[in-house]
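A.B. asks: Dropping a structure here in structure tokens format, bear with me for questions.
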Amino acid sequence: MAEARRAIIEAAGEQFAIRGYEGASFARVAEAMGRPKSAIGYHQFASKTALAVAVIESQQVRWREIEGRLPQPHGLERLAGLLLAASLDARSCPVAAGATRLLHELRKQGVEVPDGFDWYGIIAAELDAAARAHGVAEVPSFAPELLLGATFGVYETGDVDDAALASRLTSLWVPLLRSFGFLDAEDEVQRAAAQEFVPLPH
């Protein structure tokens, strides 16, 4: 049962990544698995929302593991490392890609999502640590939402290799972080980008 559930979540993650919440369906998930729709079964997931929540919850475990592996102390370099690692993970793992897109879409629609990994709280904490270290008086309250939304938006911009994605993301983050008061953000962001990302198994 657990193995069947995991297989459904993986197939659903891929469908949500490709089609978004509105375009994915139980039928498409079953088709991607090469199984009849009845194989998904409402006994496992009562609705498409329940399936989306399962994809997000599954990925939140991975995000906690990614965060736990980061070597940097709290601050800008760690924040950039986390955002970059999560973006690269979404390129190699269907569940990560699906959860990333779902979080972006469902929050815009006002749908409540699981809080097992609080992206906004984590980003705010890293920015607060950086503000103390850099002598920045106050980081705008909208900074976490802007940074995360922009990161997810760049991740979804098409077929580029990992190096090109990292370059796009860092060129986005540096001016944003400078606008928040971190005038020397580029050095820390570039150090984070230079770290080797070791993908998690999936």
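A.B. asks: State yes or no: is Glu22 outside any loop (DSSP other than H, G, I, E, B) and either modelled with pLDDT under 95 or exposed (fewer than 15 other Cβ atoms within 10 Å of the Cβ) (or both)?
C.D. replies: yes
A.B. asks: Right, something else. (1) part of a helix (DSSP H, G or I); (2) free of Cβ contacts under 8 Å to residues at least 40 places away in the same chain; (3) surrounded by 14 or more Cβ atoms within 10 Å (Cβ to Cβ): which one isn't true of Arg35, the others all being true?
C.D. replies: Single failed check for Arg35: (1).
A.B. asks: Moving to a separate point now. For the condition assigned to a loop (DSSP other than H, G, I, E, B) and more than 18 Å from Phe16 (Cβ to Cβ), what is the one hit in Ser141, Ser167, Ser171?
C.D. replies: Of Ser141, Ser167, Ser171, the one residue that is assigned to a loop (DSSP other than H, G, I, E, B) and more than 18 Å from Phe16 (Cβ to Cβ) is Ser141.
A.B. asks: Right, next: If you check every pair at least six apart or on different chains, which have Cβ atoms under 6 Å apart with a residue in segment 94-110 that is more than 19 Å from His202 (Cα to Cα) and touching a residue at least 12 places away in the same chain (Cβ under 8 Å) first and a residue that is of a type outside the set (Val, Ile, Thr) and crowded, with 17+ Cβ neighbours inside 10 Å second?
C.D. replies: Pairs found: His104/Phe152; Glu105/Tyr21.
A.B. asks: Filter segment 55-87 down to the residues that are assigned to a loop (DSSP other than H, G, I, E, B) and closer than 23 Å to Leu146 by Cα and list them by number.
C.D. replies: Selection gives Leu70, Gln72, Pro73, His74, Gly75.
Matching residues to (1) hydroxyl-bearing (Ser, Thr, Tyr); (2) over 9 Å from the mean Cα position of the chain (by Cα); (3) buried (at least 21 other Cβ atoms within 10 Å of the Cβ):
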| residue | (1), (2), (3) |
| --- | --- |
| Leu76 | no, yes, yes |
| Leu79 | no, yes, yes |
| Arg91 | no, yes, no |
| Arg101 | no, no, yes |
| Asp115 | no, yes, no |
| Asp118 | no, yes, no |
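A.B. asks: Among the residues of segment 174-202 satisfying the criterion of being charged (D, E, K, R) and assigned to a helix (DSSP H, G or I), which is surrounded by the fewest Cβ atoms within 10 Å (Cβ to Cβ)? Spell out how you get there, then give the answer.
C.D. replies: So the first thing to find is which residues in segment 174-202 are charged (D, E, K, R), and the list is 178, 184, 186-188, 191, 196.
Keeping just the survivors that are assigned to a helix (DSSP H, G or I) gives 178, 186-188, 191.
Working: Arg178: 13, Glu186: 17, Asp187: 11, Glu188: 24, Arg191: 14.
This residue is Asp187.
A.B. asks: Looking only at segment 112-138, filter to residues that are touching a Phe, Trp or Tyr at 6+ places or on another chain (Cβ under 8 Å) and assigned to a loop (DSSP other than H, G, I, E, B); which one of those is nearest to Gln60 (Cα to Cα)?
C.D. replies: Here the residue is Phe117.
A.B. asks: Scan segment 91-103 residue by residue and report those that are over 16 Å from Leu147 (Cβ atoms) and in a helix (DSSP H, G or I).
C.D. replies: Passing the criteria: Arg91, Ser92, Pro94, Val95, Ala96, Ala97, Gly98, Ala99, Arg101, Leu102.
The values are calculated or read from the model by the stated rules, or taken from the named source; none is laboratory data. Since this is a predicted model, take the numbers as computed values, not measurements. So basically every Cβ, Gly included, is an ideal-geometry build from the backbone, and we count neighbours across all protein chains shown.
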